[in-house]
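The values are calculated or read from the model by the stated rules, or taken from the named source; none is laboratory data. Since the structure is predicted, the reported quantities are computational estimates derived from the model, not experimental observations. Heads up, the Cβs are rebuilt from the backbone with ideal geometry, glycines too, and the neighbour counts pull from every protein chain shown.
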Amino acid sequence: MYLKRLELMGFKSFANRTELEFVPGVTAVVGPNGSGKSNISDSIRWVLGEQSAKTLRGSKMEDIIFAGSDTRKPVNYCEVALTLDNSDHTLKIDYTEVTIARRVYRSGESEYFINKRTCRLRDIIELFMDTGVGKEAYSIIGQGRIEEILSTKSDDRRGIFEEASGIVKYKARKKEAEKKIDETEANLVRIADIISEIT
Ligand code: ATP
């Protein structure tokens with residue numbers, strides 16, 4: 001699996017629709033300070049489901065929508081689409097090319113898509129779980145992150161290894177199952193109460 005294409009529209013400094021094509025191997029993005037290099041990695045993080053404006057170097061989510069310039073009016077929504085080559089079927093989906101997209105309006109309304117079909121954020125997170133790609137995965141290492149990883153708490157460091165070894169999916173499912181068991185147990189208690197009231 002590799003990152004094939006990134007399309008940005010209205011995302012941060014990318015007011016116009018901008019398409020970046022990647023080929024297998026190493027790609028370097030170069031440019032002067034403030035030209036938008038980090039905005040590209042922010043867009044990848046965001047389309048993978050990032051919910052924290054701070055992580056995207058803003059104070060609120062609206063900050064990721066092009067805010068206007070001397071020559072251009074602000075836009076009302078932004079969209080990012082990320083296309084991955086999935087010919088090796090790393091992503092457990094029946095497509096050799098997978099495009100995930102996210103759109104957000106100034107009103108705060110957000111939409112997610114997998115291969116142009118509307119989906120939930122959860123579907124995107126599950127699709128990438130344990131693949132090494134994802135907003136929390138080690139595939140995006142931001143400035144200063146390496147030091148953070150080294151100095152971080154051992155529990156957090158363990159999380160990185162868990163993602164790398166591919167067990168996060170099972171841990172998430174276990175958590176969900178435990179939640180369901182708790183809910184079911186609470187329901188059983190309620191039923192027992194009702195039975196004792198009517199008998
Ligand atoms: P450096 O090399 O200094 O790290 P960079 O190339 O990584 O710089 P970025 O941090 O990606 O640059 O981009 C910063 C630019 O993006 C700034 O000029 C900023 O004004 C612009 N920018 C960020 N958010 C928005 C927005 N919502 N609307 C318009 N422009 C924005």
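The table that follows gives values for the structure above.
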item: Residue within the stretch 89-96 that is in contact with a Leu (Cβ under 9 Å, 6 or more places away or on another chain), surrounded by 17 or more Cβ atoms within 10 Å (Cβ to Cβ) and in a loop (DSSP other than H, G, I, E, B) present; result: yes
item: Conditions (1) within 16 Å of the ligand (Cβ to nearest atom); (2) at negative phi; number of the one not met by Glu111; result: (1)
item: Those residues of the stretch 60-82 which are in a helix (DSSP H, G or I), near the ligand (Cβ under 9 Å from one of its atoms) and crowded, with 17+ Cβ neighbours inside 10 Å, in sequence order; result: Ile64
item: Cβ pairs under 8 Å, 6+ apart, first in the stretch 18-32 and within 13 Å of the ligand (Cβ to nearest atom), second among the aromatic types (Phe, Trp, Tyr) and in a strand (DSSP E or B); result: none
item: Qualifying residue in the stretch 35-51 (condition: assigned to a loop (DSSP other than H, G, I, E, B), away from the ligand (no atom under 14 Å from the Cβ) and over 23 Å from Cys119 (Cβ atoms)); result: no
item: Leading residue by the ranking (farthest from Ser13 (Cα to Cα)) among those in the stretch 88-108 that are more than 16 Å from the ligand (Cβ to nearest atom) and under 16 Å from the mean Cα position of the chain (by Cα); result: Leu91
item: The lone exception for Asp85 - which of (1) more than 16 Å from the ligand (Cβ to nearest atom); (2) modelled with pLDDT under 90 it fails; result: (2)
item: From the options Gly31, Gly49, residue that is loosely packed, with under 13 Cβ neighbours inside 10 Å and touching a helix residue (DSSP H, G or I) at 6+ places or on another chain (Cβ under 6 Å); result: Gly31
item: Residue selected from the stretch 1-17 under the condition over 21 Å from Asp70 (Cα atoms) and among the aliphatic types (A, V, I, L, M), by the criterion nearest to the ligand (Cβ to nearest atom); result: Leu6
item: Unmet criterion (only one of (1) of a type in the set (A, V, I, L, M, F, W, C); (2) away from the ligand (no atom under 11 Å from the Cβ); (3) in contact with a helix residue (DSSP H, G or I) (Cβ under 9 Å, 6 or more places away or on another chain)) for Leu56; result: (2)
item: Pairs with Cβ under 6 Å, 6+ apart, first in the stretch 37-66 and within 17 Å of Glu111 (Cβ to Cβ), second acidic (Asp, Glu) and within 11 Å of the ligand (Cβ to nearest atom); result: none
